[in-house]
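Novice: Take a look at the following structure, please.
The values are calculated or read from the model by the stated rules, or taken from the named source; none is laboratory data. Since the model is a prediction, treat every value here as computed from it, not as a measurement. Counting neighbours? That spans all protein chains shown, and the Cβs are built from the backbone with ideal geometry, glycine included. To get the accessible areas, we keep the full protein, side chains included, count just its heavy atoms, and leave off ligands, DNA and RNA. Shrake-Rupley method; radii C 1.70, N 1.55, O 1.52, S 1.80 Å.
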Amino acid sequence: MISRIDLRGPLPRDLRDVLPRADLDVEAALEKVRPICEDVRHRGAAAVRELTARFDGVDLPAARVPAEALAAALAGLDPQVRAALEEAIRRTRLVHRDQRRADVTTTVVPGGTVTERWVPVERVGLYAPGGLAVYPSSVIMNVVPAQEAGVPSMAVASPPQADGLPHPAILAACALLGVAEVYAVGGAQAIAMFAYGTEDCPPVAMVTGPGNIWVAAAKRLLKGRIGIDAEAGPTEIAVLADATADPVHVAADLISQAEHDPLAAAVLVTDSEDLAEAVEKELAAQVAATRHTERISAALNGRQSGIVLVSSIDDGLRVVDAYAAEHLEIQTADAAAVAARVRNAGAVFVGAFAPVSLGDYLAGSNHVLPTGGCACHSSGLSVQTFLRGVHVIDYTRPALAEAAPLVCALADAEDLPGHGAAIRARFDWEIPAS
C-alpha cells in the first residue's frame, strides 16, 4: 500500500532529491490559466460569468452572494457544527491576536529617529476551496489573521455548488466572522477577479488561501500585481517516530491527510523497522474501513508517500528538515526535546496528543501552511502576512548636519553627485566633496 525508502547508513547529500514528493507542474498549468486571467482582465464580470458556466456548470447573472443567502446558511447550520466553528474562531483569534506587532521607534542619534510602523494591507481577497472537500475551517484561518491585522476591506471567493452558491458551511462561516462580501467564483477566474477587479468586485492588493493547481498557477501568474501568501500545493504530513510510537495513531494520522486529495503526501520517517511493519498493517486495516478508501489508497500508493527508514532519530531529524513538511508530527520518546531541534516545518505537532487534525481545526494555530518543501524558507499564514513594515525617518536640522559629510562622502564614492547636492542644498555652508 505504501512504498519504503531505506536510508539506513550514511545519508545521501542530496536528501531532497530522494525523498517522496508529488509531481506538481505549475509551469505547465500557467499556460492554461493565462488566457483565463486575460479574459477576466479585459471583459470583467462577463468573462467571470462565462467561465463559471464552463467550469462549474452554473450560470450566475451576478457573482456576489446576496446577504439573505449568508443569513439563511447560518440559520440552517447544524448547532453542533456552529458551536465547533465558534470555538475554532475563538481559539484562532486568541493565538493570532498575540501576533500583532507594535510600532517601534529607534533613536539613531539625538534628533534622528526611525520608526517602523506596521500598516495593514488595504484590501484582501481570501480563497476558500470547494472541490473534493469543502473547508469552512479555511475561511476561519484566512479571515481571522486578516481581521486581527486590521485589514479594512476583505472579500471571500469560493466555487459555486449546483444551486449557484458556495457551500452553505462556507457561507455560514463567513456570516459568523462578519464577512458580508462573498463571491460564488472558483478557480483561476476567482484569482483574476480579485487581481483585476470587475464591475461586481473591486480589485484587491493581496490574495491568500489554498486551492488546486489552477489556483496556484493563477497566483504565480499574477504575483506582482497582487501579493500572495504562497502557491499552496497538495497537503502533506510527515511523522518522525521511534519504537515508542503507537502504530494505530501513526497510521490514523497518515490517513487523515491522505483523505484530502489523491496527490496528498503521507510520509513516515522512523528508525524502527518493527514500527514500519506495524504501521503498514494498520494502514491496510484502517484504509479498508474508512469512507474515502479510493482517494486515500491513491495518495498512499503515490510516489509522494512512503515510509523512510533511518539509522537513528538524529538522522531522522536531518531527513525531515530536508523534507520541510507542511505538517510534521513528532512521536518519539522525549518528543518536546526532539521537536525543539526541528528547523524546517510549516507546523510541528508534539507528542501523541497533538495530531494534525487538531491543528486543522481547533488548536488555535493556522492551517494555511507552506507545502512542497517551501517550509525551509517560508512561513504559514499569520497576522504578519497582512502587515507591511513602513519605515518613517524623522531628522532635525542638527542631526542631518552631523550626518551630512558622511552622506556626501558615500554619494561621491558611488558617483551619485545628485545625492550629495540634495544634502548640500539644505545648508548655507559648503560640504567638501571627497
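Novice: Do we find a residue being more than 18 Å from the chain's Cα centre (by Cα), over 27 Å from Ala184 (Cβ atoms), at pLDDT 95 or above and surrounded by fewer than 22 Cβ atoms within 10 Å (Cβ to Cβ) anywhere in segment 83-90?
Specialist: There is at least one residue in segment 83-90 that is more than 18 Å from the chain's Cα centre (by Cα), over 27 Å from Ala184 (Cβ atoms), at pLDDT 95 or above and surrounded by fewer than 22 Cβ atoms within 10 Å (Cβ to Cβ).
Novice: Anything in segment 333-351 that is surrounded by fewer than 17 Cβ atoms within 10 Å (Cβ to Cβ), hydrophobic (A, V, I, L, M, F, W, C) and farther than 16 Å from Val319 by Cα? List them, or say none.
Specialist: The answer is Ala333, Ala336, Ala337.
Novice: Next up: What's the total number of residues in segment 385-424 that are of a type outside the set (D, E, K, R) and either crowded, with 16+ Cβ neighbours inside 10 Å or in a loop (DSSP other than H, G, I, E, B) (or both)?
Specialist: So the count comes out to 15.
Novice: Consider Val356 against the criteria (1) in contact with a Ser or Thr (Cβ under 7 Å, 6 or more places away or on another chain); (2) under 30 Å from Val114 (Cα atoms): it satisfies all of them except one. Which criterion is unmet?
Specialist: Among (1) in contact with a Ser or Thr (Cβ under 7 Å, 6 or more places away or on another chain); (2) under 30 Å from Val114 (Cα atoms), Val356 violates only (2).
Novice: Kindly evaluate Asp39 against the criterion of being open to solvent by less than 50 Å² (accessible area, probe 1.4 Å) and of a type in the set (Asp, Glu).
Specialist: When the stated conditions are applied, Asp39 passes them.
Novice: Can you tell me which residues in segment 155-171 are in contact with a Gly (Cβ under 9 Å, 6 or more places away or on another chain) and open to solvent by 30 Å² or more (accessible area, probe 1.4 Å)?
Specialist: Matches in segment 155-171: Gln161, Ala162, His167, Pro168.
Novice: Listed residues His391, His367, His377; which is within 30 Å of Asp17 (Cβ to Cβ) and either among the charged types (D, E, K, R) or out of contact with any Leu (no Cβ under 9 Å at 6 or more places or on another chain) (or both)?
Specialist: His377
Novice: Of a type outside the set (Val, Ile, Thr), open to solvent by 10 Å² or more (accessible area, probe 1.4 Å) and within 14 Å of Ala245 (Cβ to Cβ) - does that describe any residue in segment 282-303?
Specialist: Yes.
Novice: Looking for whichever is under 28 Å from Glu87 (Cβ atoms), open to solvent by 20 Å² or more (accessible area, probe 1.4 Å), assigned to a loop (DSSP other than H, G, I, E, B) and modelled with pLDDT of 95 or more here; the options are Ala180, Ala175. Which one fits?
Specialist: Ala180
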